[in-house]
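Q: Got a structure here, written out as structure tokens. Questions coming.
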Amino acid sequence: MIFFLLLASVLLGALLGEVLTKNNTWKKAFLTFSGAYLLGIVILEIFPHYFEHGHNAHHLGLFVIFGVLLQILLEGLSKGAEHGHFHSEDKNHFPVTVFVGLFIHAFIEGIPAQESIGKGFIAGILVHKVPVAAILYTFLKLLKIQKRILYLSIFAFAAPAGHLLGQYLPQGILQVSLGMTAGIFLHISSVIIFESADHHKMKLYKFISLLAGIALAYASVELLQH
């Protein structure tokens, strides 16, 4: 089920990218919402589960920091596409490094996407993948890449492939990957929220999106625990 949900989230993102191509306001609002939701899931769901099942809080914290550092390195490839940035110096060629960065990012976050980790974490990944897929699709469409369906299909199977790998890994390794994914999500969500404010002033629709994302994250955690 998780495998197909991960695939469906990319399809939904592509459809959203098609709809929001010409509506920049809604696109920014959804990006802010997704960042707030992701931050809420990290703090309310992932951190409690991660540190509760660990044996050494200091060592566990290191893996979160490693995740933050890893995401910074990946953004050297992806150019910040995970949090809404997408630039290409050459409009006639597909940016392979950006795609590789996004693929690695999606594969890593798919590894701890197991039922044993928790439904709240799965929900966070699904919501996070939608805007990333939308941005990727929009970028491909604007560049007039004829094979965008192929690229999207490859990207769509990145997280499911990580999910399948995670099924064969011991619980200790899954906990390490969860900590690193939490660090990745913490970095991405923080950057999205920080960049939502233009010159340190956040517009009302973005602030409403921010509150909605946090509220939905809280509601998701409460509902999925029962």
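The values are calculated or read from the model by the stated rules, or taken from the named source; none is laboratory data. Here the structure is a predicted model, which is why all the values come from computation and not from measurement. Glycine also receives a Cβ, built like all others from the backbone with ideal geometry; neighbour counts cover every protein chain displayed. The area values use the complete protein model at the heavy-atom level, side chains included, leaving out ligands, DNA and RNA. Shrake-Rupley method; radii C 1.70, N 1.55, O 1.52, S 1.80 Å.
Q: Say a site is exposed when it is one of the trypsin sites (Lys or Arg not before Pro), sits in a DSSP loop, and has at most 14 other Cβ atoms within 10 Å; what is then the longest site-free stretch of the chain? Walk me through the numbers before you get to the answer.
A: Numbers: sites that count: Lys22, Lys91, Lys144, Lys147.
By the stated rule (loop sites, at most 14 other Cβ atoms within 10 Å), 148-226.
Q: Also, quick follow-up: With +1 on the Cβ of every Lys and Arg and -1 on the Cβ of every Asp and Glu, and nothing else charged, how large is the dipole of the chain about its Cα centre, in debye rounded to the nearest 20?
A: Details: 14 positive and 12 negative charges, 166 e Å.
The dipole magnitude comes to about 800 debye.
Q: Go ahead and set up a Gaussian network model of the chain, Cα springs under 10 Å, then flag whichever of Ser189, Ser116, Ser78 fluctuates most.
A: For the chain, modelled as a Gaussian network with Cα springs under 10 Å, the answer is Ser116.
Q: OK, next. If I compute solvent accessible area with a 1.4 Å probe over the protein chains, what percent of it on the chain is carbon and sulfur?
A: Solvent-exposed carbon and sulfur of the chain make up 70 percent of the total.
Q: If you don't mind, there's one more thing I want to ask. Just how much of Phe103 is accessible, in Å², when a 1.4 Å probe is used and the result is rounded to the nearest 10?
A: My reading of the accessible area for Phe103 is about 70 Å².
Q: How tilted is helix 171-196 with respect to the longest principal axis of the chain? Cα atoms for both, answer in degrees (0 to 90, nearest 10).
A: Its long axis makes an angle of about 40 degrees.
Q: Where only protein heavy atoms count, and the probe is 1.4 Å, what is the accessible area per residue for segment 123-226 in Å²? Walk me through the numbers before you get to the answer.
A: On the way: 5210 Å² over 104 residues.
It amounts to 50 Å² per residue over segment 123-226.
Q: Can you give me the C-alpha center-to-center distance between segment 98-117 and segment 164-226, rounded to a whole angstrom?
A: After rounding, the separation between the Cα centres reads 14 Å.
Q: For the chain, what is the calculated [θ] at 222 nm in deg cm²/dmol (nearest 500), taking -39500 (n - 2.57) for each run of four or more DSSP H residues and dividing by its residue count?
A: That comes out to -25000 deg cm²/dmol.
Q: While we're looking at this one, here's another question. Along each of the three principal axes of the Cα atoms of the chain, give the extent in whole Å, ordering the values from largest to smallest.
A: Result, largest extent first: 50, 40, 31 Å.
Q: In addition: Which of Ile188, Ala158, Trp26 sits closest to the plus end of the dipole of the chain, meaning its Cα is farthest towards the positive end, when Lys and Arg get +1 and Asp and Glu get -1 on the C-beta?
A: Trp26
Q: I'd like the orientation of helix 204-224 relative to the chain: the angle between its Cα long axis and the longest Cα principal axis, in ° from 0 to 90, rounded to 10.
A: Taking the Cα atoms of the chain, the angle to 204-224 is about 40 degrees.
Q: Which of these, Glu18, Glu115, Glu52, has the largest mean-square fluctuation under a Gaussian network model of the chain (Cα springs below 10 Å)?
A: Maximum among the listed residues: Glu52.
Q: Given axes a ≥ b ≥ c from the Cα gyration tensor, I'd like to know whether segment 129-187 is rounded (a/c under 1.5), prolate (a/b larger than b/c) or oblate.
A: In terms of gyration-tensor shape, oblate.
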